[in-house]
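The values are calculated or read from the model by the stated rules, or taken from the named source; none is laboratory data. It should be emphasised that the depicted structure is a prediction, and the values quoted were computed from it without experimental measurement. For neighbour counting, all protein chains shown are included, and Cβ atoms are generated from backbone atoms with ideal geometry for every residue, glycine included. Ligands, DNA and RNA are excluded from the accessible area calculation, which covers all protein heavy atoms including side chains. Shrake-Rupley method; radii C 1.70, N 1.55, O 1.52, S 1.80 Å.
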Amino acid sequence: QAHTFEEVYEKSIKARKSRGAWSTSYARDQDWLMKGPKPNSLASDEDRIKEKGFLYHFGSTLIDEISEDQIRDFMNKYYNTNPNTYNYCHGIIHPAFKYARDRGWISVDPMKLIEKKSIQTNTLILTISEFNRCVELMNTEKYQSLAVPLALLMFSGMRRDELKGNKDKTPLEW
């Protein structure tokens with residue numbers, strides 16, 4: 001039985017959701033790639049740039065007819081702004097093809113043939129004198145209101161967005 005990419009994608013989503021709740025940010029990212037990005041955070045679903053969505057290009061295509069080259073061309077055209085974006089795109093598309101491969105609907109998972117890009121990380125680590133200077137500044141009147149959030153970030157390893165909050169977690173209020 002032939003399956004379109006959209007059919008396989010929907011079935012793979014149901015299977016993955018049944019194993020546990022998704023965060024709103026992950027669901028948002030799924031929509032961002034599959035349905036196309038929104039031009040801004042306040043835009044509605046109708047405002048999406050559908051031409052950049054994977055479903056726009058491949059939703060009605062039989063999954064066994066989607067080639068590695070087609071997927072790579074799509075990713076390079078729309079989501080190759082940096083290695084992190086490219087790799088994230090890979091990670092969102094891949095589960096649908098894995099789902100199809102696991103069920104014998106395709107003989108080769110084309111995503112396995114597409115390598116992720118290497119990521120160069122330059123982690124910024126404060127020197128002791130830079131750290132001490134931050135502490136001094138937090139004790140000044142000008143930066144007093146930022147002292148607690150900055151201390152949390154500096155001492156806990158918390159990410160900025162974790163401190164800000166999202167739909168799943170309320171922000172810490174000061």
Next on the checklist: Please compute the modelled spin-label separation between GLN120 and THR85, points set 7 Å along Cα→Cβ, answer in nm with one decimal.
Outcome noted: 1.8 nm
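Leaving ligands, DNA and RNA out of it, rank LEU55, LEU126 by accessible area with a 1.4 Å probe, largest first.
Details: LEU55 30, LEU126 75 Å².
If we order LEU55, LEU126 from most to least accessible, we get LEU126, LEU55.
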Item to check | Cα gyration tensor, the stretch 98-159 - rounded (a/c under 1.5), prolate or oblate | outcome: prolate
Item to check | For VAL148, solvent-accessible area (1.4 Å; no DNA, RNA or ligand), Å² | outcome: 80 Å²
Checklist outcome for this item: Pairs over 32 Å Cα to Cα, from LYS112/LYS164; LYS117/LYS142; LYS17/LYS116, come to LYS112/LYS164; LYS117/LYS142
Checklist outcome for this item: Shape call for the stretch 26-128, from the Cα gyration tensor axes a ≥ b ≥ c (a/c under 1.5 means rounded, otherwise prolate when a/b beats b/c, else oblate), comes out oblate
Next on the checklist: I'd like to know which of ILE66, PHE5, TRP22 lies farthest towards the positive end of the charge dipole of the stretch 1-123, counting +1 on Cβ of Lys and Arg and -1 on Cβ of Asp and Glu.
Outcome noted: TRP22
Checklist entry - If the viscosity is 1.002 mPa s and the temperature 20 °C, what Stokes-Einstein diffusion coefficient in µm²/s follows for the chain when Rh is the Kirkwood radius over Cα pairs? => result 112 µm²/s
Item to check | Gained length - GLU68 relative to LYS14, 0.36 nm times residue gap less alpha-carbon distance | outcome: 17.0 nm
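Would you rank TYR86, TYR99 by solvent-accessible area, highest first, keeping every protein chain in place and using a 1.4 Å probe? Provide the component values of the computation, followed by the final result.
Working: TYR86 5, TYR99 35 Å².
Descending order: TYR99, TYR86.
State the dimensionless ratio Rg/Rh of the stretch 1-67 (Rg: radius of gyration of Cα atoms; Rh: Kirkwood radius).
Values: Rg = 13.1 Å, Rh = 12.9 Å.
Over the Cα atoms of the stretch 1-67, Rg/Rh equals 1.02.
Could you work out the longest stretch of the chain that avoids the trypsin sites (Lys or Arg not before Pro) located in DSSP loops with at most 15 other Cβ atoms within 10 Å? Provide the component values of the computation, followed by the final result.
Values: sites that count: ARG19, ARG103, LYS116, LYS117, ARG159, LYS167, LYS169.
The segment 20-102 is the longest one with no such site.
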